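Take a look at the structure below.
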Amino acid sequence: MTPILFVYAKGGPPLEYAVPRIAVHADVHVLALAPLPVNTAPLWRPECASVTTAQPGEGGELVDLICAHARRVGAAAVLTLSEYAVVAVAHACLQLGLRGAGEHVAAARDKRLMRRIWRDAGVPVPGFTEIHTPGDITTAFAELTPPLLLKAAWSAGSTAHLTVRDERQAEEAWKTGRSVMEASSAQGYAELHAADEGVSDFLLEEIVTGDASDWFEEPGWGDYVSVEGIVAGGRYHPLCITGRMPTVAPFTERASLAPAALPEGLQRRLEEVSRAAVDALGLDTCATHTEIKLGAGGAVWLIETAARFGGVMTTRQVETVFGLDMIGMLVRQLLGQDVDYPRRMLTEGKGAAGSLVVLAVGPEGQPWPELPSWDFTAVDWAALLGPGSRIELVREHSLAPGTPVPPYEEAGGANSMAALCFLTARSGSALLADCQRIVAALPGALTGAHATRPAAGSTR
């Protein structure tokens, strides 16, 4: 088959899911810019034609590395599923003359540029100010309505997001945010093409008031959704909507759920809002993940669009519920093959699927009173799930058994997670209820399980 270069970095769907779906359409040559998951290697390594690890440089050096490896394997396409590598891969594709996100890719990565473009295009966004100096903080509090949200311009997973109420607090948060981004960079969770900018670039924006009650007929849903899609040769194809549980303060995602229990008319409206947002960014050929905040009276604000698929298990959720192998669709598009896109975004699926992040935070945002060791097998999941529901551990994105659950830190966002679980249920309502029961039961289920476990060497 045709060779394809898959550039691996931190983030994105697990390799055990992603690589086989690429391998159906092409010979997969992996260029790993981060340590590869060893515990799941038997599930993905046999699908690869070659695997090469490399220490990523920055900017042009990284782009040259990708180009050189693509030429070496004769790649007809270059693909990444990581937020942190999309810019470098897009620039490599431009140099190689291959299909990719295109020259405007930074607009789907740098939150400052993204918001400028949307504001100028009339796409609804919260008020914001870019932060380069302490004077910009003064300007932000003079022009915007506090409290404000400090955001790292190149972050992902709500990393380095902090709520601030005055200038002094904002200055301290800016220092904290830079420290968090430096720590994330050391762990491989940072922009690879512009490492310095990825650590130091920030903005302050107004916190718009979300309200899910005017959108969802049942309580418990979060006040934002995502539209998953693909841009093919500059033409945007919205594919479906995924919903959320309410976030953990300030805005860390706890669970992604498909389908979103929204009436079709409201889904169609969000389809068009996402179209305006994605079209304004001028992308060429790439996946898209567009987050939209929902307000009272039908108000909406764009949070961000990424030039990649939704994080971790989103692609599997969409395939499970809507029958769309989005990774395979994008691979075929990058290879110049025919892709059968839905005429309109799909609004109904079969069953429900979700991904639940295990954070040391209770249902109302309260920290866990104890931090037990993580052990998926110690929990009586059957007692927490409804009829027909299933749960499994995503090992690639979870701590090893016996590792203490880390405390939740607002600035750390998703970096504080202990584990990721994938769930299926008969309906969106059942899936939401499953997730609510699990959040309420942990950490008691972990603490109780370890408290009753026999000591080493004993028998029961």
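The values are calculated or read from the model by the stated rules, or taken from the named source; none is laboratory data. These figures come from a predicted structure and were not determined experimentally. As a convention, Cβ positions derive from the backbone with ideal geometry for all residues, glycine included, and neighbour counts pool all protein chains shown.
Screening residue 267 with (1) farther than 20 Å from residue 83 by Cβ; (2) polar (S, T, N, Q); (3) free of Cβ contacts under 8 Å to residues at least 60 places away in the same chain gives one miss only, at (3). Can you name the residue in the range 109-139 that is hydrophobic (A, V, I, L, M, F, W, C) and within 25 Å of residue 294 (Cβ to Cβ) and, of all such residues, is farthest from the chain's Cα centre (by Cα)? Per the stated criteria, the residue is 121. Any chance the range 151-173 includes a residue that's touching a helix residue (DSSP H, G or I) at 6+ places or on another chain (Cβ under 9 Å), among the small types (Gly, Ala, Ser), surrounded by fewer than 17 Cβ atoms within 10 Å (Cβ to Cβ) and assigned to a helix (DSSP H, G or I)? Within the range 151-173, not a single residue is touching a helix residue (DSSP H, G or I) at 6+ places or on another chain (Cβ under 9 Å), among the small types (Gly, Ala, Ser), surrounded by fewer than 17 Cβ atoms within 10 Å (Cβ to Cβ) and assigned to a helix (DSSP H, G or I). The number of residues in the range 71-127 that are closer than 30 Å to residue 23 by Cβ and among the acidic types (Asp, Glu) comes to 2.
Scanning the range 283-290 finds no residues that are in contact (Cβ under 8 Å) with a residue 60 or more places away in the chain, acidic (Asp, Glu), within 30 Å of residue 61 (Cα to Cα) and not assigned by TED's automatic domain parsing to the domain that holds residue 317.
Restricting to the range 175-194, name every residue that is surrounded by fewer than 22 Cβ atoms within 10 Å (Cβ to Cβ) and not charged (D, E, K, R). So that I can check it myself, show each step before the final result.
From the range 175-194, those surrounded by fewer than 22 Cβ atoms within 10 Å (Cβ to Cβ) are 175-176, 178-179, 182-183, 185-188, 194; that's our starting set.
176, 179, 183, 185, 186, 187, 188, 194 - these are the residues of the range 175-194 that are surrounded by fewer than 22 Cβ atoms within 10 Å (Cβ to Cβ) and not charged (D, E, K, R).
Filtering the range 20-29 to residues that are within 22 Å of the chain's Cα centre (by Cα) and either over 24 Å from residue 336 (Cα atoms) or surrounded by 23 or more Cβ atoms within 10 Å (Cβ to Cβ) (or both) leaves only 22. Scanning the range 222-243 for residues that are in a loop (DSSP other than H, G, I, E, B) and within 18 Å of the chain's Cα centre (by Cα) turns up 222, 223. For the range 394-404, check the following and say yes or no: at least one residue is part of a helix (DSSP H, G or I) and among the small types (Gly, Ala, Ser). No, that holds for no residue.
Mind checking which residues of the range 200-214 are surrounded by fewer than 24 Cβ atoms within 10 Å (Cβ to Cβ) and of a type outside the set (D, E, K, R)? Passing the criteria: 200, 203, 207, 208, 209, 210, 212, 213. Specify which of the listed residues (76, 92, 34) is surrounded by fewer than 22 Cβ atoms within 10 Å (Cβ to Cβ) and either among the basic types (Lys, Arg) or over 19 Å from the mean Cα position of the chain (by Cα) (or both). Of 76, 92, 34, the one residue that is surrounded by fewer than 22 Cβ atoms within 10 Å (Cβ to Cβ) and either among the basic types (Lys, Arg) or over 19 Å from the mean Cα position of the chain (by Cα) (or both) is 76.
Regarding the range 189-199, can at least one residue be identified that is under 30 Å from residue 435 (Cβ atoms) and assigned to a helix (DSSP H, G or I)? Give the derivation first.
Our first condition is that a residue be under 30 Å from residue 435 (Cβ atoms); within the range 189-199, this holds for 189-190.
If we keep only those that are assigned to a helix (DSSP H, G or I) too, we end up with none.
Within the range 189-199, none of the residues are under 30 Å from residue 435 (Cβ atoms) and assigned to a helix (DSSP H, G or I).
Looking across the range 355-393, the residues that are assigned to a strand (DSSP E or B) and under 25 Å from the mean Cα position of the chain (by Cα) come down to 355, 356, 357, 358, 361, 367, 390, 391, 392, 393. Apart from one condition, residue 140 fits all of (1) surrounded by 23 or more Cβ atoms within 10 Å (Cβ to Cβ); (2) under 26 Å from residue 417 (Cα atoms); (3) of a type in the set (Gly, Ala, Ser); the exception is (2).
So which residues in the range 329-388 are over 21 Å from residue 245 (Cα atoms) and among the β-branched types (Val, Ile, Thr), if there are any at all? Residues satisfying the conditions are 331, 339, 377, 379. Only one entry of 387, 363, 367 meets the criterion of being closer than 21 Å to residue 426 by Cβ, touching a residue at least 24 places away in the same chain (Cβ under 8 Å) and not hydrophobic (A, V, I, L, M, F, W, C), and that entry is 387. Cβ separations smaller than 9 Å between residues 6+ apart or across chains give the following pairs from the range 212-223 residues that are assigned by TED's automatic domain parsing to the domain that holds residue 256 to residues that are among the polar types (S, T, N, Q): 218/429; 219/213; 220/429; 220/436; 222/247; 223/209; 223/213; 223/247. Does the range 224-234 contain at least one residue that is touching a Phe, Trp or Tyr at 6+ places or on another chain (Cβ under 8 Å) and β-branched (Val, Ile, Thr)? Yes.
Listed conditions (1) part of a loop (DSSP other than H, G, I, E, B); (2) without any contact (Cβ under 8 Å) to a residue 24 or more places away in the chain are all met by residue 102, apart from (2).
Considering each residue of the range 39-61, count those that are in contact with a His (Cβ under 6 Å, 6 or more places away or on another chain) and among the aliphatic types (A, V, I, L, M), and give that number. Number satisfying all stated conditions: 1. What about residue 338, is it acidic (Asp, Glu) and within 16 Å of residue 21 (Cβ to Cβ)? No; evaluated as a whole, the condition is false for this residue.
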